[in-house]
């Protein structure tokens with residue numbers, strides 16, 4: 001599915017508008033899925049903090065885009081305010097989202113070395129001498145308590 005995000009800077013109303021369009025049923029036409037309006041003051045404040053703050057402001061209950069889209073949308077909003085643009089159009093294809101290669105994380109430690117250390121800790125080849133006092137304890141005697149008798 002192809003998606004389009006239209007970002008509009010409405011100076012008259014002092015608001016930023018993001019419209020989400022999508023191509024449904026393999027048609028050429030893009031249908032409007034939703035629209036979200038933001039106060040420009042909130043957007044500018046979030047831009048001053050960092051990109052993650054801006055993304056959290058842009059994502060709402062009605063408009064919650066995937067992480068890869070969110071980064072590009074946030075960067076576009078930032079450039080829109082820096083360059084004083086009135087609108088930006090972003091096109092995405094979900095196939096690109098699904099086929100994007102995810103980078104492999106780097107190993108933190110040598111796993112073999114760590115596993116050998118754990119194996120040494122779990123080694124059962126030790127003899128424990130038990131204290132004779134622990135072995136020769138008196139048995140616990142329970143008195144016949146009639147407090148549990150219902151008839152009684």
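Looking at this structure, is residue 58 within 26 Å of residue 98 (Cα to Cα) and either modelled with pLDDT of 90 or more or in contact with a helix residue (DSSP H, G or I) (Cβ under 7 Å, 6 or more places away or on another chain) (or both)?
So residue 58 fits the description; yes.
Please find, within segment 9-28, the residue that is surrounded by the most Cβ atoms within 10 Å (Cβ to Cβ) out of those that are without any contact (Cβ under 8 Å) to a residue 40 or more places away in the chain and assigned to a strand (DSSP E or B).
21
Quick check on my filter: what residues within segment 17-62 are in contact with a strand residue (DSSP E or B) (Cβ under 8 Å, 6 or more places away or on another chain) and more than 17 Å from residue 88 (Cα to Cα)?
Scanning segment 17-62 gives 23, 24, 29, 31, 33, 39, 57, 60, 62.
Cβ contacts < 6 Å: first residue farther than 21 Å from residue 22 by Cβ, restricted to segment 74-91; second residue part of a helix (DSSP H, G or I), any location; separation 6+ or different chain. Result?
Sorted first by the residue in segment 74-91, then by its partner, the pairs are 78/47.
Name every residue in segment 29-46 that is closer than 14 Å to residue 10 by Cα and not in a helix (DSSP H, G or I), in order of residue number.
35, 36, 37, 38, 39
The values are calculated or read from the model by the stated rules, or taken from the named source; none is laboratory data. Since the structure is predicted, the reported quantities are computational estimates derived from the model, not experimental observations. Note that each Cβ is placed from the backbone with ideal geometry, even for glycine, and that neighbours are counted across all protein chains shown.
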